[in-house]
Amino acid sequence: MSNLHLIFDPHSDPDLLSEFFERFSGAVGSTSADRASLGTESEQEIRTRIDPATVSMVLLGTCTWSRAAVDWEIQAALASAPDGVPNGLLALTLDRNAERNRMPERLKLNVKSGYARLYRLPRSNEELAAWVRDAGDARRERRHLSENPPARQESDLPCDETGEW
C-alpha cells in the first residue's frame with residue numbers, strides 16, 4: 001500500500017474523526033486523530049510529515065474547507081515530492097449522510113480536473129485501500145491533471161457548525 005498522509009481538522013467533527021480512525025485503522029495505519037497542532041506547524045514540519053508519503057487523504061468534516069492550514073497541507077502534498085512526483089490525492093466525506101460537503105478550493109480544483117477523487121465514507125477497509133491505491137496510481141497516470149496554484153489561503157474563513165459561511 002502507498003504511504004499515507006492524512007489531512008484533517010482535529011477540531012471539526014471530533015466524534016466522526018474518532019469513529020473513522022476506529023473503523024479504518026487497518027487501512028490508514030496508526031495515524032493519530034488527536035493532532036491539535038493544525039495551523040501551528042512550520043512549513044518544514046509539514047514537509048517532514050508529508051515527504052515519506054505518496055498519497056494524501058483529506059478527511060472532510062463540517063469546517064475543513066475553511067481552514068488555511070488544510071490548504072497549506074494540500075499545497076505541500078501537491079508540490080513535487082523527493083521523487084519529483086506530487087502525492088496522489090483523495091478526499092472522504094466523514095458524514096455518510098451529508099448532502100454535500102464543501103471542499104477546500106485547491107482540493108476542488110483537483111477533483112474537477114480528474115486528478116483527485118471524492119468519496120463518501122467507505123464500507124470496508126478493503127474499499128478504502130483500493131481508493132488509496134487508485135490515488136497512488138494517479139501520481140503517474142493522472143499527474144498531468146494536478147493543479148497547484150502558488151497562492152495559498154492566508155487565514156481561516158468563518159464557518160459555523162453547519163458548515164455555512
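The values are calculated or read from the model by the stated rules, or taken from the named source; none is laboratory data. These numbers were taken from a predicted model, which means no experiment stands behind them. Glycine gets a Cβ as well: all are built from the backbone with ideal geometry, and neighbour counts include every protein chain shown. Just the protein is used for accessible areas: all its heavy atoms, side chains included, with ligands, DNA and RNA removed. Shrake-Rupley method; radii C 1.70, N 1.55, O 1.52, S 1.80 Å.
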Checklist outcome for this item: Considering residues that are basic (Lys, Arg) and in contact with a helix residue (DSSP H, G or I) (Cβ under 7 Å, 6 or more places away or on another chain), the number found within the range 111-129 is 1
Next on the checklist: For the range 56-85, give me each residue that is within 19 Å of Asp134 (Cα to Cα), open to solvent by 20 Å² or more (accessible area, probe 1.4 Å) and not small (Gly, Ala, Ser).
Outcome noted: Asp83
Item to check | Residues being aliphatic (A, V, I, L, M) and not in a helix (DSSP H, G or I) - total across the range 111-164 | outcome: 5
